[in-house]
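Presented below is the structure to which this report refers.
The values are calculated or read from the model by the stated rules, or taken from the named source; none is laboratory data. Bear in mind that the values here come from a model prediction, so they are computed numbers and not experimental data. Here the Cβ positions follow ideal geometry from the backbone for every residue, glycine too, while neighbour counts run over all protein chains shown. The accessibility values were calculated without ligands, DNA or RNA, using every heavy atom of the protein model including side chains. Shrake-Rupley method; radii C 1.70, N 1.55, O 1.52, S 1.80 Å.
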Amino acid sequence: MERIFKYIDLSDKEFTLFSSLIYDKAGINLGLHKKELLKNRLRKRMRELDIDNFKSYFKYITEVDKSGEELSIMLTAISTNVTYFFREDNHFKLLSEKILPELVASKQAKSVKTFKVWSAGCSSGEEPYTLSITLQEFLKNKGYWNIYILGTDISHNALEKAKRGVYKVESTKHVPDHLLRHYFLKGYDEMKNMVKVKKHVKEVVDIEYLNFKDDSYSVPGNFDFIFCRNVLIYFDKETQAALINKFKKHLVAGGHLFLGHSEGLTGRLAGLKHIAPSVYVKTE
């Protein structure tokens, strides 16, 4: 017989315990106005574990599960947002129409044939694969180029999905038909509502775990672009400033930082020049 759950409500004290843990482990800042969101996200996971009170779930995360897997699952539940291919597509248009033409010309003049891009907070992989498609599409008639795209996230579950590269058809709703044909495989039979990114899209993308709260980031060198979109909204101003400074260290001179359209850098602009909505270039 299926168990009927009668959840005990999330008290303010318990909310403080969870929010402090989340901030300590991931830098995600949850004000009291996020209490209902936290409660609903946690309850879904608690039901799967057959846990019906928040005190027991907190104990499970902090004492019972020594692997840290449940902590990762909880952080994923808190930070998950909607994502799809070519989300906020004005950024990809800006890349193709202005930034890439200028950058390719500059690199060719220096006999440089390499692009390095970082999708920071890549979730389930749609963003780094969109970047792969954008770069390959732009460079397809311009000879051989070496493309390296790094996608990082704190969620192990999201990273596993990114590594598989298999998605629901709805996630490609903003992908033009000619790009769908060239860069995706369509599923059949039981997979008819799914698509898979092709091998040449995946092979230039490296998917890795990274926690923004780490003191330093073990990423390979500096990047031409860093995309960190719809991530800053989860952090307080102090953490945001620290994160932006770390990103600046990993941008080449003249490199570009892309944020989400709802995010800005007011008061944190040292060394970054605003050139388009939520797009900044490193000036020093």
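Write out, first by first residue and then by second, each pair whose Cβ atoms fall under 9 Å of each other, whose residues are 6+ apart or on separate chains, and whose first residue, in region 1-25, is polar (S, T, N, Q) and assigned to a helix (DSSP H, G or I) while the second is surrounded by fewer than 10 Cβ atoms within 10 Å (Cβ to Cβ) and modelled with pLDDT under 90.
Close Cβ pairs (under 9 Å, with a partner that is surrounded by fewer than 10 Cβ atoms within 10 Å (Cβ to Cβ) and modelled with pLDDT under 90) amount to 19/31.
Give the number of residues within region 99-140 that are on the phi > 0 side of the Ramachandran plot and of a type in the set (Phe, Trp, Tyr).
The first filter runs over region 99-140 and keeps only residues on the phi > 0 side of the Ramachandran plot, leaving 111, 121, 123, 125.
Then keep just the ones that are of a type in the set (Phe, Trp, Tyr); that gives none.
Matching residues across region 99-140 total 0.
Being open to solvent by 50 Å² or more (accessible area, probe 1.4 Å), over 19 Å from the mean Cα position of the chain (by Cα) and under 25 Å from residue 168 (Cα atoms) narrows it down to one residue among 98, 93; which is it? Spell out the reasoning first.
Numbers: 98 fails: under 25 Å from residue 168 (Cα atoms).
Selected residue: 93, the only one of 98, 93 that is open to solvent by 50 Å² or more (accessible area, probe 1.4 Å), over 19 Å from the mean Cα position of the chain (by Cα) and under 25 Å from residue 168 (Cα atoms).
Could you please tell me which pairs satisfy a Cβ distance under 8 Å, a separation of 6+ or placement on different chains, a first residue in region 228-250 that is open to solvent by less than 20 Å² (accessible area, probe 1.4 Å), and a second residue that is among the basic types (Lys, Arg) and modelled with pLDDT under 90?
244/268
Is there any pair with a first residue in region 211-222 that is under 17 Å from residue 234 (Cβ atoms) and a second that is among the charged types (D, E, K, R) and at pLDDT below 85 whose Cβ atoms are under 8 Å apart and which are 6 or more apart or on different chains, and what are they?
The qualifying pairs are 211/25; 213/25.
Just to be sure, is residue 284 modelled with pLDDT under 95 and either under 30 Å from residue 169 (Cβ atoms) or more than 20 Å from the chain's Cα centre (by Cα) (or both)?
So residue 284 passes the test.
Only one of these conditions is not met by residue 157: (1) open to solvent by 40 Å² or more (accessible area, probe 1.4 Å); (2) part of a helix (DSSP H, G or I); (3) at pLDDT 95 or above; (4) within 30 Å of residue 213 (Cα to Cα). Which number is it?
(3)
Which count do you get for residues in region 182-210 that are surrounded by 11 or more Cβ atoms within 10 Å (Cβ to Cβ) and assigned to a helix (DSSP H, G or I)?
The qualifying residues number 6.
Within region 51-69, can you find the residues that are charged (D, E, K, R) and in contact (Cβ under 8 Å) with a residue 40 or more places away in the chain? Break it down stepwise before answering.
Taking region 51-69 and keeping what is charged (D, E, K, R), we get 52, 55, 59, 63, 65-66, 69.
Scanning region 51-69 gives 52, 55, 69.
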